[in-house]
Amino acid sequence: MATPYKINIPMYEGPLDLLLDLIKQQKMNIHEIQISKITAQYLDYLHKLEELDVDVSSEFIYMAATLIYIKSKMLLPADPLASEEEQAGCLRTRWRARRSRRAIRGRNSCSGS
(Lines give C-alpha, C1' and ligand atoms only; values in the text may rest on other atoms or scores of the structure.)
Protein backbone atom coordinates (compact mmCIF):
# COMPACT_ATOMS: atom_id res chain seq x y z
CA MET A 1 0.00 0.00 0.00
CA ALA A 2 1.32 3.45 -0.92
CA THR A 3 2.31 6.00 1.69
CA PRO A 4 -0.23 8.83 1.81
CA TYR A 5 0.83 12.20 0.47
CA LYS A 6 1.76 14.51 3.38
CA ILE A 7 1.63 18.28 3.55
CA ASN A 8 3.32 20.78 5.82
CA ILE A 9 1.61 24.13 6.52
CA PRO A 10 1.65 26.31 9.66
CA MET A 11 -1.66 24.96 11.00
CA TYR A 12 -1.19 21.30 10.08
CA GLU A 13 1.40 18.68 9.19
CA GLY A 14 0.36 15.24 7.98
CA PRO A 15 -1.63 13.35 5.34
CA LEU A 16 -3.82 15.43 3.05
CA ASP A 17 -6.80 13.08 3.43
CA LEU A 18 -6.75 13.52 7.21
CA LEU A 19 -6.75 17.32 6.81
CA LEU A 20 -9.79 17.01 4.55
CA ASP A 21 -11.58 14.86 7.15
CA LEU A 22 -10.78 17.35 9.92
CA ILE A 23 -12.18 20.21 7.86
CA LYS A 24 -15.32 18.23 6.97
CA GLN A 25 -15.86 17.45 10.66
CA GLN A 26 -15.33 21.17 11.40
CA LYS A 27 -12.41 20.40 13.71
CA MET A 28 -10.24 22.78 11.66
CA ASN A 29 -11.22 26.12 10.18
CA ILE A 30 -10.97 26.16 6.39
CA HIS A 31 -10.29 29.91 6.49
CA GLU A 32 -6.99 29.28 8.28
CA ILE A 33 -5.75 26.81 5.64
CA GLN A 34 -3.54 28.21 2.88
CA ILE A 35 -4.63 26.30 -0.21
CA SER A 36 -1.91 27.98 -2.28
CA LYS A 37 0.81 26.42 -0.10
CA ILE A 38 -0.84 23.00 -0.33
CA THR A 39 -1.05 23.35 -4.10
CA ALA A 40 2.59 24.44 -4.41
CA GLN A 41 3.74 21.51 -2.29
CA TYR A 42 1.68 19.10 -4.35
CA LEU A 43 3.10 20.45 -7.62
CA ASP A 44 6.63 19.97 -6.22
CA TYR A 45 5.64 16.44 -5.27
CA LEU A 46 4.38 15.75 -8.80
CA HIS A 47 7.62 17.03 -10.32
CA LYS A 48 9.61 14.71 -8.05
CA LEU A 49 7.43 11.79 -9.14
CA GLU A 50 8.10 12.59 -12.78
CA GLU A 51 11.85 12.55 -12.10
CA LEU A 52 11.56 9.28 -10.23
CA ASP A 53 9.63 7.65 -13.06
CA VAL A 54 12.43 8.56 -15.47
CA ASP A 55 14.96 6.92 -13.17
CA VAL A 56 12.84 3.79 -12.80
CA SER A 57 12.20 3.72 -16.54
CA SER A 58 15.87 4.05 -17.36
CA GLU A 59 16.72 1.14 -15.06
CA PHE A 60 14.07 -0.98 -16.74
CA ILE A 61 15.30 -0.04 -20.22
CA TYR A 62 18.88 -0.93 -19.25
CA MET A 63 17.84 -4.33 -17.90
CA ALA A 64 15.63 -5.02 -20.91
CA ALA A 65 18.43 -4.08 -23.31
CA THR A 66 20.83 -6.37 -21.46
CA LEU A 67 18.35 -9.26 -21.66
CA ILE A 68 17.81 -8.64 -25.38
CA TYR A 69 21.56 -8.61 -25.94
CA ILE A 70 22.03 -11.88 -24.08
CA LYS A 71 19.14 -13.52 -25.90
CA SER A 72 20.39 -12.34 -29.30
CA LYS A 73 23.79 -13.86 -28.53
CA MET A 74 22.09 -17.15 -27.67
CA LEU A 75 19.95 -17.21 -30.82
CA LEU A 76 22.57 -16.21 -33.37
CA PRO A 77 25.05 -18.77 -34.65
CA ALA A 78 28.62 -18.48 -33.42
CA ASP A 79 30.83 -16.08 -35.34
CA PRO A 80 33.40 -18.18 -37.23
CA LEU A 81 35.84 -15.24 -37.16
CA ALA A 82 35.57 -14.74 -33.39
CA SER A 83 38.50 -15.68 -31.20
CA GLU A 84 38.31 -18.67 -28.85
CA GLU A 85 38.06 -16.28 -25.91
CA GLU A 86 35.04 -14.51 -27.43
CA GLN A 87 33.36 -17.84 -28.20
CA ALA A 88 34.00 -19.03 -24.62
CA GLY A 89 32.37 -15.83 -23.32
CA CYS A 90 29.37 -16.50 -25.54
CA LEU A 91 29.11 -20.04 -24.22
CA ARG A 92 29.25 -18.79 -20.63
CA THR A 93 26.47 -16.32 -21.43
CA ARG A 94 24.34 -19.08 -22.93
CA TRP A 95 24.98 -21.34 -19.95
CA ARG A 96 23.99 -18.60 -17.46
CA ALA A 97 20.83 -17.82 -19.41
CA ARG A 98 19.81 -21.49 -19.52
CA ARG A 99 20.48 -21.84 -15.79
CA SER A 100 18.36 -18.74 -15.11
CA ARG A 101 15.50 -20.09 -17.26
CA ARG A 102 15.58 -23.39 -15.40
CA ALA A 103 15.55 -21.61 -12.03
CA ILE A 104 12.57 -19.49 -13.11
CA ARG A 105 10.71 -22.53 -14.40
CA GLY A 106 11.43 -24.29 -11.12
CA ARG A 107 10.04 -21.37 -9.11
CA ASN A 108 6.97 -21.18 -11.35
CA SER A 109 6.25 -24.89 -10.98
CA CYS A 110 6.59 -24.61 -7.18
CA SER A 111 4.16 -21.68 -7.04
CA GLY A 112 1.53 -23.59 -9.04
CA SER A 113 1.89 -21.50 -12.24
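Tabulated results
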{"read-out": "Check on ILE9, modelled with pLDDT of 85 or more and over 29 Å from the mean Cα position of the chain (by Cα)", "value": "yes"}
{"read-out": "Residue that is nearest to the chain's Cα centre (by Cα), among those in the range 26-41 that are surrounded by 13 or more Cβ atoms within 10 Å (Cβ to Cβ) and assigned to a helix (DSSP H, G or I)", "value": "GLN41"}
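The values are calculated or read from the model by the stated rules, or taken from the named source; none is laboratory data. Since we're looking at a predicted model, the values are computed, not measured. Heads up, the Cβs are rebuilt from the backbone with ideal geometry, glycines too, and the neighbour counts pull from every protein chain shown.
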